[in-house]
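Report on the structure given below.
The values are calculated or read from the model by the stated rules, or taken from the named source; none is laboratory data. Here the structure is a predicted model, which is why all the values come from computation and not from measurement. Cβ coordinates were reconstructed from backbone atoms using ideal geometry, including for glycine residues, and neighbour counts include every protein chain displayed.
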Amino acid sequence: MNIQRIHHVAYRCRDAKETVLWYQKHLGMNFVLAIAEDQVPSTHAPDPYMHLFMDAGNGNVLAFFELPNSPAMGRDANTPDWVQHIAFKVGSVQELEETKARLEAGGIAVVGVTDHTIFKSIYFFDPNGHRLELAADVGTPDMYKKLDDVKWEMLEEWSQTKRAPKHAAWMHEKEFTQ
């Protein structure tokens, strides 16, 4: 088997129309497709839904389900808010900073610009409570090679100790030089 790309990633939304309009306005995503059914095709359960699809660029599709007969949306109370998020790549740090200003001008609270050494990012929430990240790559080929060279050692050490390995501690040093 050869995985070609992610076909779509689906999340729940509170209101399909509000979600489409928000993603169009704030992230410039085009509304691609809507599917509505009274019965779930895979399970045959009688559960009406609206399934909508947004163009997230380069063949990536972000999808949502509105489920009017289900209990209100919730989240895993045992997982911190910062863990579960959708990250989108943008073209530059300038684009990231401009988007941050536009989001804040639209009344959306934004965290960052956060420096992750190999990329910079901002964080905010959509109207459904999903945490979103916009990221601009800034890493060099040398940085990516250093990370690639230690990934398996880091994974093995983490697997045994459940403590952060220090193989890539250089990423958090303020004066990183190549």
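Among the residues in region 135-144, are any farther than 25 Å from ASN58 by Cα and either loosely packed, with under 15 Cβ neighbours inside 10 Å or out of contact with any helix residue (DSSP H, G or I) (no Cβ under 6 Å at 6 or more places or on another chain) (or both)? Yes, region 135-144 has at least one match. Among the residues of region 143-171, just one is out of contact with any Phe, Trp or Tyr (no Cβ under 9 Å at 6 or more places or on another chain), among the small types (Gly, Ala, Ser) and not in a helix (DSSP H, G or I), namely ALA168. How many residues are closer than 21 Å to PHE124 by Cβ and out of contact with any Ser or Thr (no Cβ under 6 Å at 6 or more places or on another chain) when one looks only at region 7-60? Going through region 7-60 one residue at a time, the tally reaches 28.
Restricting attention to region 112-134 and to residues that are surrounded by 15 or more Cβ atoms within 10 Å (Cβ to Cβ) and among the acidic types (Asp, Glu), the residue that is farthest from ALA72 (Cα to Cα) turns out to be GLU133. Here is a check on your reading of the model: is GLN39 under 21 Å from ALA136 (Cβ atoms) and more than 19 Å from the chain's Cα centre (by Cα)? In short, no.
Answer yes or no as to whether GLU66 is acidic (Asp, Glu), under 18 Å from GLY129 (Cβ atoms), in contact (Cβ under 8 Å) with a residue 60 or more places away in the chain and surrounded by 14 or more Cβ atoms within 10 Å (Cβ to Cβ). So GLU66 fails the test. State the number of residues belonging to region 24-49 that are among the hydrophobic types (A, V, I, L, M, F, W, C) and assigned to a helix (DSSP H, G or I). Matching residues across region 24-49 total 1.
Yes/no matrix, rows are residues, columns are (1) at pLDDT below 95; (2) farther than 19 Å from ASP15 by Cα:
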residue: GLU37; (1), (2): yes, no
residue: VAL40; (1), (2): yes, no
residue: ALA45; (1), (2): yes, yes
residue: PRO48; (1), (2): yes, no
residue: PHE53; (1), (2): no, no
residue: ASN58; (1), (2): yes, yes
residue: LEU62; (1), (2): no, no
residue: ALA72; (1), (2): yes, no
residue: ASP76; (1), (2): yes, yes
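The residue of region 145-178 that is surrounded by the fewest Cβ atoms within 10 Å (Cβ to Cβ), among those that are among the basic types (Lys, Arg) and free of Cβ contacts under 8 Å to residues at least 12 places away in the same chain, is LYS174. Here is a check on your reading of the model: is PRO68 part of a loop (DSSP other than H, G, I, E, B) and either touching a strand residue (DSSP E or B) at 6+ places or on another chain (Cβ under 9 Å) or of a type in the set (Gly, Ala, Ser) (or both)? Judged against the criteria, PRO68 is a match. For region 83-100, the count of residues that are more than 18 Å from TYR11 (Cα to Cα), among the basic types (Lys, Arg), part of a strand (DSSP E or B) and within 18 Å of the chain's Cα centre (by Cα) is at least one. Note on region 25-54: residues that are surrounded by fewer than 17 Cβ atoms within 10 Å (Cβ to Cβ) and within 23 Å of ARG5 (Cβ to Cβ) amount to 9. Does THR79 meet the test of being more than 19 Å from TRP22 (Cα to Cα), assigned to a strand (DSSP E or B) and β-branched (Val, Ile, Thr)? So THR79 does not fit the description; no. Looking at LEU62, LEU132, just one residue is under 19 Å from the mean Cα position of the chain (by Cα) and in the same structural domain as LEU27 (by TED's automatic domain parsing), and that residue is LEU62.
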